[in-house]
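Rule-based calculations on the coordinates, nothing more; no lab input. All figures in this text were calculated on a predicted structure; none of them were measured in a lab.
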Amino acid sequence: MSKRIRILLILLVVGGLGALLVVGALALKGDQDAAVTAYGTDAIALCKTTMNTAVAGDAPQAGRFAFIDATLFTVYREYQDKVNPSNAASSKAELIHLACLTQMDRLYDTDSYGAAGKFTCTRYAKDMAVALFEVASGKQIGYWVVPGGVPESCPQTTSKSLTKYGNPPVAADVLSTLGLN
């Protein structure tokens, strides 16, 4: 293969990857804009604040809720779509409580292999931190960490270091923590 063809192939691959990144960024921006359109800039901004892990409160049983990914600032569909329609806010006018969700890795276990632990298999659970805000006042009214699923087991032997992750908690667990199911 000539040098020209190799350079052309490299440019095509790099250009294709760049195009994928642009499409992904545009999709994320569209999802962020949709969250702002639905719930308002001020509500989404609550998820950009530092969440107080010491706020112990009871989740209100009544009201309209929205679930926002506090990392991407988008509607967290896996959870929002599972809220009982009588408790799901579909617009800024209905929104009373905002749940800002952040995935957190929690060390679950580490196994060592080989001489002097040359290789490791580290397992993490994906927990979900939930900071609940009252939208009208902007006040955080609760904070919970909902445990995620157990990561799969490590193999009996390995010739390289591995990392394994569990799944984030299912919607029913998060909603149950908030008393919404």
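For region 71-87, putting each phi into the Karplus relation 6.51 cos²θ - 1.76 cosθ + 1.60 with θ = phi - 60° gives couplings of 9, 9, 6, 10, 5, 8, 4, 4, 9, 4, 6, 9, 6, 3, x, 6, 10 Hz, in residue order, rounded to whole numbers and with x for Gly and Pro.
Taking θ as phi - 60° and the Karplus parameters 6.51, -1.76 and 1.60, the scalar couplings of region 33-49 work out to 4, 5, 5, 5, 4, 6, 10, x, 4, 5, 5, 4, 4, 4, 6, 8, 7 Hz in sequence order, x denoting glycine and proline.
Note on region 3-177: lysine pairs with Cα distance below 22 Å, sequence gap of 8 or more or different chains, count 11. Taking amide H atoms as placed 1.01 Å from N in the peptide plane, the amide H of G148 lies under 5 Å from those of K126, D127, M128, each 5 or more residues away in sequence or on another chain.
Among DSSP bridges having both ends in region 48-181, what percentage is antiparallel? Round to the nearest 5. Kindly include the intermediate steps, with their values, before the conclusion.
Working: 25 of 35 bridges.
Around 70 percent antiparallel, to the nearest 5.
Note that region 109-120 has calculated 3J(HN,Hα) couplings of 5, 9, 10, 10, 10, x, 4, 6, x, 4, 10, 10 Hz, one per residue in order, obtained from phi through the Karplus relation 6.51 cos²θ - 1.76 cosθ + 1.60 (θ = phi - 60°); glycine and proline are x.
Would you kindly state how much longer the chain becomes between A129 and N181 on full extension, computed as 0.36 nm times their sequence separation minus their alpha carbon distance, in nm to one decimal? Walk me through the intermediate numbers first.
Values: separation 52, 0.36 × 52 = 18.72 nm, distance 1.83 nm.
Going from the current span to full extension adds 16.9 nm.
What percent does the relative contact order of the chain come to when contacts are Cα pairs within less than 8 Å and at least six residues apart? The normalised contact order for the chain reaches 20 percent.
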